[in-house]
Amino acid sequence: MNWTRYFIPTTKEVPADAFVPSHQLMLRAGLIRQVGSGAYTYLPLGYRTLRKIEQIVRDEMNAAGAIELHMPAMHPIEWWEQTGRVAAMGDVLLRLQGRGEDWRSRTVLGPTHEEVITELARAYLVSYKQLPINLYQIQTKFRGEARPKSGVLRTREFLMKDAYSFHERVEGPGGLNETYQRMYDAYRAIFGRCGLPYVPVEAESGAIGGSVSHEFMVPTDAGEDILVRAADGSYAANLERAEVAPLPDAGDGRHEPLREVHTPGHGTIEEISRFLGCTPQKLIKTIIYEANGEPLVALVRGDHEVNEAKLARAAGVRGVTQASPELIRQVTGAEVGFAGPVGLQARIIADRVVTTMHDAVTGANKTDYHVTGVNPGRDFALTEVADIRLAMEGDRAPNGQPLRFEKCIEVGHVFKLGTKYSDAMSATYLDAQGQAHPLIMGCYGIGLNRIMAAAIEARHNDKGICWPVAIAPFHVVICALDVRDESVLATARRLHDELEAAGVEVLLDDRDARPGFKFNDADLIGFPLRINVGKRSLGDGVVELAVRKSGEVRKLPPAETVSAVTGLLKTLLEQERT
RNA sequence: CGGGGCGUGGCGCAGUCUGGAAGCGCGCCUGCUUUGGGAGCAGGAGGUCGCAGGUUCAAAUCCUGUCGCCCCGACCA
């Protein structure tokens, strides 16, 4: 391919709207162009990379025994009503607008495909003899994201590989656990081939439902999630999920009597600790939530934060929301800021750390008053105790290893769904005894656009992108340094043709431009290898072969170039696998 | 949805406060020179200043409304 016949709109200047490196570089390198908020055109170079990622995903899914199909983006809303997700997804679920009961009004754009695949299963997966089976697609998803951001990292339209498996059982041969593990391993292979420094972590399953899930994270500052992992790699989890080792008993109490103190207008942890001259660690933070229409009170140490996902799990509810000021006043009989567990008539779940506190300070359930000398167990019952707080700097993993915190991008997620969707949509199969049972399901997603952005985030420098060979738009760029010089152009063209014949993806930069200009574009786009053909080196009978990632440059005769390139590409491909 | 910022040639920006001929840089086109890390000179094309009302002799600039985009937060299968 000749550069002048291709379509590569690179720019020197950094677009003002782009902040994260992958977004800036994708725009500058001419990989994407924004169409609207959260919607991007993939330009030819960017689309080549996206297709390569797609092919890697497809290869590994097929190798893992999954079967490809293709579902539509338009779904009948009835199916979403059956699973209750019209309400659960809210504005994220995009709907077509029509007049009255026009078909458009009954159509949604799929943000994911559990409903469509479950309906398919209900229709066709009727016998245990057909199980297990794992079906997948690579397809465009639509989501009404409130705030798309960071280039292609969070968009309203994106390419996803979603797979759904169906089983008779969880354990044993053909069970959900077996396929889940196969998908987990396939994901390792996929992200490995893409050269991503990925970390599999325990995750919350969120509104998709199900019990167990793992996410595949790529650490980078551009990410929105927090990865919590042990220094030695023995533990890794999403912050939403991360468990912490219990803290030792502070042992600093003398079991003072309860005393009510006047704390006018001091309702926050910071104000109270300053007013009373104590550390936030001496306070018991009392937060009122609402779950299933009932108040739910969470207690954590003053310097800790409630992890709402953990709280919901400990409470055995689907989710919790912070209580309204009215509800707080109703439960505590006081203004917001003066809640405490002593004498409180509500369901209370205490964080484990609370059981180690002595002579603590809490709200008095009376406006402008707190109580000191609070001793859990003595002054209020510890009926429910659980790990309900967010992990924080200084915490240790359950196995005792110190924890580190990093921002990261989620590139894949695997779930054990169980029978959530098959129950809701009555998708059953008949066992050998002719008994009907709901299908047991798993689902497995990968964000292809995110792989592309994450790869750039993880592999770039001040000059531009450093593509891994496996997903580079072209393997090699040949820079003809003076296209008006006949021997230069002839040599460059010959090398181009020979490389192409050898199966190498090669782009010939045949623009009539100065060398520095071409080098900068080549570095910006990040071709793994660059061949320089110029008068100067050609005079010595050689061309130069430069490696983008290392900056290493070899001089070699044109006749040896093809074998050097194919050898180098093979080596890089192996080295870059993570 | 709350807070903040921004809409001016393809891209990056100035001009808006204080109304009075739409500018600069990059890129693009033509010609000549130049060719190993974003070349030089000369000439040239390209913008109803997001949109709609209003005020005014006169609006990119002031007022009202509206749409869009970005950032922070909330939310996030």
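The values are calculated or read from the model by the stated rules, or taken from the named source; none is laboratory data. Just so it is clear, the model here is predicted, and its values are computed rather than measured. Cβ sites come from the backbone with ideal geometry, for glycine too, and all protein chains shown count toward neighbours.
Report whether or not A:D395 is more than 22 Å from the chain's Cα centre (by Cα) and within 30 Å of A:T179 (Cβ to Cβ).
Values: more than 22 Å from the chain's Cα centre (by Cα): yes; within 30 Å of A:T179 (Cβ to Cβ): no.
It is false that A:D395 is more than 22 Å from the chain's Cα centre (by Cα) and within 30 Å of A:T179 (Cβ to Cβ).
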Can we say A:I440 is over 27 Å from A:Y180 (Cα atoms) and in contact (Cβ under 8 Å) with a residue 12 or more places away in the chain? no
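Considering only the stretch A:14-23, I want to know if a residue exists there that is part of a loop (DSSP other than H, G, I, E, B) and hydroxyl-bearing (S, T, Y). Reasoning before the result, please.
Narrowing the stretch A:14-23 to residues part of a loop (DSSP other than H, G, I, E, B): A:14-20.
Still in the running and hydroxyl-bearing (S, T, Y): none.
Checked the stretch A:14-23: no residue is part of a loop (DSSP other than H, G, I, E, B) and hydroxyl-bearing (S, T, Y).
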From the list A:G534, A:G539, which one is among the small types (G, A, S) and modelled with pLDDT of 95 or more? A:G534
Are there strands (runs of 3 or more DSSP E) fully within the stretch A:326-408 with at least 2 residues that are outside the structural domain of A:G233 (by TED's automatic domain parsing) and surrounded by 19 or more Cβ atoms within 10 Å (Cβ to Cβ)? List them. A:347-351, A:360-366, A:369-374
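Report the residue count in the stretch A:90-121 for those that are assigned to a helix (DSSP H, G or I) and crowded, with 18+ Cβ neighbours inside 10 Å.
Kept after step one, since they are assigned to a helix (DSSP H, G or I), are these residues of the stretch A:90-121: A:90-92, A:103-106, A:114-121.
Filter again for crowded, with 18+ Cβ neighbours inside 10 Å, leaving A:114-119, A:121.
The total comes to 7.
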If I ask for residues that are surrounded by 13 or more Cβ atoms within 10 Å (Cβ to Cβ) and of a type in the set (K, R), which ones from the stretch A:1-57 would you list? A:R28, A:R33, A:R48, A:R51, A:K52
Out of (1) out of contact with any helix residue (DSSP H, G or I) (no Cβ under 8 Å at 6 or more places or on another chain); (2) away from RNA strand B (no atom under 12 Å from the Cβ); (3) under 29 Å from A:N520 (Cα atoms), the odd one out for A:A16 is which? (2)
Give me the helices (runs of 4 or more DSSP H) completely within the stretch A:484-578, filtered to those with at least 2 residues that are hydrophobic (A, V, I, L, M, F, W, C) and in contact with a Ser or Thr (Cβ under 9 Å, 6 or more places away or on another chain), ordered by residue number. A:486-501, A:515-525
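For the stretch A:131-147, give me each residue that is in a loop (DSSP other than H, G, I, E, B), touching a helix residue (DSSP H, G or I) at 6+ places or on another chain (Cβ under 8 Å) and away from RNA strand B (no atom under 11 Å from the Cβ). Don't jump to the end; show me each part of the working.
From the stretch A:131-147, those in a loop (DSSP other than H, G, I, E, B) are A:131-132, A:143-147; that's our starting set.
From what is left, the residues that are touching a helix residue (DSSP H, G or I) at 6+ places or on another chain (Cβ under 8 Å) are A:132, A:143-146.
Selection gives A:P132 alone.
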Residues A:P72, A:P111: which one is within 13 Å of RNA strand B (Cβ to nearest atom) and modelled with pLDDT of 95 or more? A:P111
Of everything in the stretch A:148-172 that's under 16 Å from A:A455 (Cβ atoms) and surrounded by fewer than 24 Cβ atoms within 10 Å (Cβ to Cβ), which residue is farthest from RNA strand B (Cβ to nearest atom)? A:L159
Go through (1) of a type in the set (D, E, K, R); (2) at pLDDT below 95; (3) surrounded by fewer than 18 Cβ atoms within 10 Å (Cβ to Cβ) one by one and return the number of the condition A:R85 breaks. (3)
